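A.B. asks: Below is a structure I'd like to ask you about.
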Number of protein chains: 2
Amino acid sequence: MPARPDGPTPAGDDPAAKPPDRVTIADVARHAGVALSTVSYVLSGKRVISATTRNRVLTSIRLLGYHPNAGARALASRRANVIALVLPLRTGMQVPVLMQFAMAVVTTARQFDHDVLLVTADEGPAGLRRIAASALVDGILLMDVEMRDLRVPLLRDLARPSVLIGFPADSTGLTCIDLDFHRAGEVCVEHLAGLGHRRIALLGAPAAVYDRDTGFAHRTRAGVLAAADRHGITATALPCPEGAAGVRALLTDLLARQPDLTGLVVQNEAAVGAVLATLPTLGRRVPRDVSVVAICPDQFAEQASPRLTSVPVPAEEVGRQAVSLLMRKLVDASVPEATMLDPHLTVRDSTTAAPARY
Amino acid sequence: MPARPDGPTPAGDDPAAKPPDRVTIADVARHAGVALSTVSYVLSGKRVISATTRNRVLTSIRLLGYHPNAGARALASRRANVIALVLPLRTGMQVPVLMQFAMAVVTTARQFDHDVLLVTADEGPAGLRRIAASALVDGILLMDVEMRDLRVPLLRDLARPSVLIGFPADSTGLTCIDLDFHRAGEVCVEHLAGLGHRRIALLGAPAAVYDRDTGFAHRTRAGVLAAADRHGITATALPCPEGAAGVRALLTDLLARQPDLTGLVVQNEAAVGAVLATLPTLGRRVPRDVSVVAICPDQFAEQASPRLTSVPVPAEEVGRQAVSLLMRKLVDASVPEATMLDPHLTVRDSTTAAPARY
DNA sequence: GGCCAGCGTCGAAGCGCTTCGACACCGCCG
DNA sequence: CGGCGGTGTCGAAGCGCTTCGACGCTGGCC
């Protein structure tokens, strides 16, 4: 055969010469001297292939640098091996946690041989419907779920498995996972109560978050108030602005009204730094005069000064488990409807025994 | 015909009854009474279809709730309509900016009818190769590019268009975009110099970032030093730790050594709050005694107290433009190799004229 | 020694879509 | 009044893969 590559059957025996993304399963089969389907079965393991044949095929795959075409695979197998991660578009909220979470999702998904499609909520329900109906993804992970979330009813009849991070008002028929924020609120209060504090306050998320009926904010508040009640101590729950100026105003007012306040639970990453910076300027040392417990990422708590006693939001753990749940649903396994992660309080330098009563 | 749906040709005239993700283009064609290919052309607009036919087809599509199957489309058209967004796995670095950026990318991509696959760097070059070779994505967006990035040479011969956020040491043959950090450094210094400051310092990224040879950190430093030189003022460039304690130590030491320091350029979101909080405790009011310019997101600058004069990193703009560049490359248009966005300094309350010399 | 049961492999039929060439039909010009 | 160039639609051939039924072969058993 002359060296003309444009004959009817070029026979392409020069792997390095052709574009690497044009190697098909047929090339591999030919190279290994087996049928096309045999290569497929080697790859999927859905039928037993003798070790000899398998090795021959695997060698050819490596030699040719074969990667299965995702589209073709999805079409034939009806599985895209992709899951959707739906993030809220809103900014300014717990961004580092979000990121940590997203990373955990991607990493875990890869362990299950899946990729992650990033979807923002701004397309709304229509976007979800599109993603699902087009078979772009096999399953859906929904973050930042609100109490009455527009997307939730849709999800119910979407015919694609999904897992929610956070709990909507009605979670029946859904799979949800989150930190147990009610318990988290309780844990914070119990810690403070145990240290002898009798009057505390919760500085929560910005008011807008409560107005939006975001579950975790309400649940934490409920937990704080319930535990305070149980322990017979006084607790005030307040939304908390994010800017340093807002925090200062809020604290000034709060301490003027309740001078014997000695404990603070802060659930607002963007404000906690300002809280720590402001308290001393109002004549309250942390932790000598006022103890502060934060619900925030560990990283944050470690870097603050003083280092914060905190209940971390286990973003990585939630991400991992959420993906695992979704994967189980993909293979049709039944999974629990609700998964609540137990909060764990880490004691650091921002809390101590309440000052002696006066 | 009796009401038995299990005949050989059920004729499926009951759209609400069948699973929504099983409507195919054939169903639409049948329902509209046209050929399958006509439906395709209506959807793609690649051939002229009469208004009458088009409307009939579009009506059927709406009625049946048809969504094209992504896998089949990708297979036949050799375009997945998905781009990869490769994020660094490292945490703790400029996380909010990253997020803002990612959001802009997703939103912009959607405007071009593309979706975004989230890829973390932890799979390394092999991951990139897999994504590209499997035709899962049409193009690649690479973030947080380092000076000598392992993934860059790979990208060069990957046969898929890509756009880098940030500049590697050698950017020939690639498409890169970023804020002009050199110029940003200059702009900060020029502002301070114009206010009469004669001795300033740059508190940069954490030392680890410099060690990693991250371009933007080095470029900013170079810009600061060059402009200082040009204006005949003294500038010290220091890496800056992220924790409040580290910042305090650094500032204490710095001010002890250079008591006549009156200007600070801070390029470290995680430290800037601590800087503002610490300076007053060291007897320096901001801006009366020390002026502070930050390179950080606007949102951040607005919330600080005092509000920060800053050069924002235009994450949204970078994201938008990066996607646009990639889209142009996808349709084979030629694009500039390097795009440098002009920095803009916003004057707020943290800078003022240098105190009278003594 | 002949038969049956696996085991391992193969061939072919789609999966749902795009796209190319073909081809009716229409009005117009010569 | 016949031929001609558009215009709008259709049919069919894949895209690369999975998967199902078929089938040859080897070995154990009666």
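A.B. asks: Across segment A:330-348, what is the number of residues that are assigned to a loop (DSSP other than H, G, I, E, B) and either in contact with a Gly (Cβ under 8 Å, 6 or more places away or on another chain) or loosely packed, with under 15 Cβ neighbours inside 10 Å (or both)?
C.D. replies: Step one: of segment A:330-348, the residues assigned to a loop (DSSP other than H, G, I, E, B) are A:331-337, A:342-345, A:347-348.
Next cut, either in contact with a Gly (Cβ under 8 Å, 6 or more places away or on another chain) or loosely packed, with under 15 Cβ neighbours inside 10 Å (or both) only: A:331-334, A:336-337, A:342, A:344, A:347.
Number satisfying all stated conditions: 9.
A.B. asks: Criterion first (buried (at least 24 other Cβ atoms within 10 Å of the Cβ), closer than 24 Å to A:V313 by Cα and in contact (Cβ under 8 Å) with a residue 24 or more places away in the chain) does A:V286 satisfy it? Spell out the reasoning first.
C.D. replies: Working: buried (at least 24 other Cβ atoms within 10 Å of the Cβ): no; closer than 24 Å to A:V313 by Cα: yes; in contact (Cβ under 8 Å) with a residue 24 or more places away in the chain: yes.
No.
A.B. asks: Among the residues that make up segment B:264-279, is at least one of them more than 14 Å from chain A (Cβ to nearest Cβ), β-branched (V, I, T) and assigned to a strand (DSSP E or B)? Even if it seems obvious, please write down each step before you answer.
C.D. replies: Initial filter on segment B:264-279 (more than 14 Å from chain A (Cβ to nearest Cβ)): B:264-267.
The next check asks that each one be β-branched (V, I, T); those that pass are B:265-266.
Then drop every residue that is not assigned to a strand (DSSP E or B), which leaves B:265-266.
Yes, segment B:264-279 contains at least one residue that is more than 14 Å from chain A (Cβ to nearest Cβ), β-branched (V, I, T) and assigned to a strand (DSSP E or B).
A.B. asks: How many of the residues making up segment B:111-132 are surrounded by fewer than 18 Cβ atoms within 10 Å (Cβ to Cβ) and either within 7 Å of chain A (Cβ to nearest Cβ) or not in a helix (DSSP H, G or I) (or both)?
C.D. replies: If we filter segment B:111-132 for residues that are surrounded by fewer than 18 Cβ atoms within 10 Å (Cβ to Cβ), which is where we start, we get B:111-113, B:122-126, B:130.
Next cut, either within 7 Å of chain A (Cβ to nearest Cβ) or not in a helix (DSSP H, G or I) (or both) only: B:112-113, B:122-123, B:130.
Count: 5.
A.B. asks: Please go through (1) of a type outside the set (K, R); (2) without any contact (Cβ under 8 Å) to a residue 60 or more places away in the chain; (3) in contact with a Pro (Cβ under 8 Å, 6 or more places away or on another chain) for A:T351 and return the number of the only condition it doesn't satisfy.
C.D. replies: Answer for A:T351: the failing condition is (2).
A.B. asks: Looking only at residues that are at positive phi and at pLDDT below 90 in segment B:9-43, which one is nearest to DNA strand C (Cβ to nearest atom)? Working first, answer last.
C.D. replies: To start, the set of residues in segment B:9-43 that are at positive phi comprises B:11-12, B:33.
When the remaining residues are screened for being at pLDDT below 90, the result is B:11-12.
On the way: B:A11: 17, B:G12: 13 Å.
Once the filter is applied, the top-ranked residue is B:G12.
A.B. asks: Let me ask something else about it. Mind listing just one residue for me: the one in segment B:155-189 that is among the hydrophobic types (A, V, I, L, M, F, W, C) and within 14 Å of another protein chain (Cβ to nearest Cβ) and, of those, surrounded by the fewest Cβ atoms within 10 Å (Cβ to Cβ)?
C.D. replies: The selected residue is B:A159.
A.B. asks: Within segment A:44-80, count every residue that is within 10 Å of DNA strand C (Cβ to nearest atom), within 13 Å of another protein chain (Cβ to nearest Cβ) and part of a helix (DSSP H, G or I).
C.D. replies: Within segment A:44-80, residues that are within 10 Å of DNA strand C (Cβ to nearest atom), within 13 Å of another protein chain (Cβ to nearest Cβ) and part of a helix (DSSP H, G or I) number 7.
A.B. asks: Also, quick follow-up: If you go through segment A:245-263 one residue at a time, how many are acidic (D, E) and either part of a helix (DSSP H, G or I) or in contact with a Pro (Cβ under 6 Å, 6 or more places away or on another chain) (or both)? I'd like the intermediate steps shown before the answer.
C.D. replies: Start the filter on segment A:245-263 by keeping residues that are acidic (D, E), which leaves A:253, A:260.
Those left that are additionally either part of a helix (DSSP H, G or I) or in contact with a Pro (Cβ under 6 Å, 6 or more places away or on another chain) (or both): A:253.
Residues flagged as acidic (D, E) and either part of a helix (DSSP H, G or I) or in contact with a Pro (Cβ under 6 Å, 6 or more places away or on another chain) (or both) within segment A:245-263 amount to 1.
A.B. asks: Scanning for something within 16 Å of DNA strand C (Cβ to nearest atom) and free of Cβ contacts under 8 Å to residues at least 12 places away in the same chain, does segment B:91-109 turn up at least one residue? Quick ask: steps written out before the conclusion?
C.D. replies: Going through segment B:91-109, the residues within 16 Å of DNA strand C (Cβ to nearest atom) turn out to be none.
There is no residue in segment B:91-109 that is within 16 Å of DNA strand C (Cβ to nearest atom) and free of Cβ contacts under 8 Å to residues at least 12 places away in the same chain.
A.B. asks: A follow-up question, please. Those residues that are surrounded by fewer than 18 Cβ atoms within 10 Å (Cβ to Cβ) and away from DNA strand D (no atom under 13 Å from the Cβ), I need them from segment B:56-83; list them, please.
C.D. replies: Listed by number, the residues that qualify are B:T59, B:R62, B:L63, B:G65.
A.B. asks: Check off (1) away from DNA strand D (no atom under 14 Å from the Cβ); (2) within 25 Å of A:A72 (Cβ to Cβ) for B:K46 and give me the number that stays unchecked.
C.D. replies: Single failed check for B:K46: (1).
A.B. asks: Where the second residue is of a type in the set (S, T, N, Q) and assigned to a loop (DSSP other than H, G, I, E, B) and the first is more than 17 Å from A:Y210 (Cβ to Cβ) and lies in segment A:242-258, which pairs have Cβ atoms under 8 Å and are six or more apart or on separate chains?
C.D. replies: The qualifying pairs are A:G243/B:S305; A:A244/B:S305; A:A245/B:S305; A:R248/B:S305.
A.B. asks: Pick from B:R307, B:R284, B:R288: which is basic (K, R), assigned to a loop (DSSP other than H, G, I, E, B) and out of contact with any helix residue (DSSP H, G or I) (no Cβ under 9 Å at 6 or more places or on another chain)?
C.D. replies: On the way: B:R307 fails: out of contact with any helix residue (DSSP H, G or I) (no Cβ under 9 Å at 6 or more places or on another chain); B:R284 fails: out of contact with any helix residue (DSSP H, G or I) (no Cβ under 9 Å at 6 or more places or on another chain).
Unique residue meeting the criteria: B:R288.
A.B. asks: May I pose another question? Kindly evaluate A:A84 against the criterion of being part of a strand (DSSP E or B), modelled with pLDDT of 95 or more and either more than 9 Å from DNA strand C (Cβ to nearest atom) or within 30 Å of A:G124 (Cα to Cα) (or both). Reasoning before the result, please.
C.D. replies: On the way: part of a strand (DSSP E or B): yes; modelled with pLDDT of 95 or more: yes; either more than 9 Å from DNA strand C (Cβ to nearest atom) or within 30 Å of A:G124 (Cα to Cα) (or both): yes.
Yes.
A.B. asks: Do the conditions hold for A:V323, that is, is it β-branched (V, I, T), surrounded by fewer than 24 Cβ atoms within 10 Å (Cβ to Cβ) and within 30 Å of A:A84 (Cβ to Cβ)? Write out each step before concluding.
C.D. replies: Working: β-branched (V, I, T): yes; surrounded by fewer than 24 Cβ atoms within 10 Å (Cβ to Cβ): no; within 30 Å of A:A84 (Cβ to Cβ): yes.
So A:V323 does not fit the description; no.
The values are calculated or read from the model by the stated rules, or taken from the named source; none is laboratory data. Computed from a predicted model, the values in this text were never measured in an experiment. No Cβ is skipped: glycine too gets one built from the backbone with ideal geometry, and neighbour counts run over all protein chains shown.
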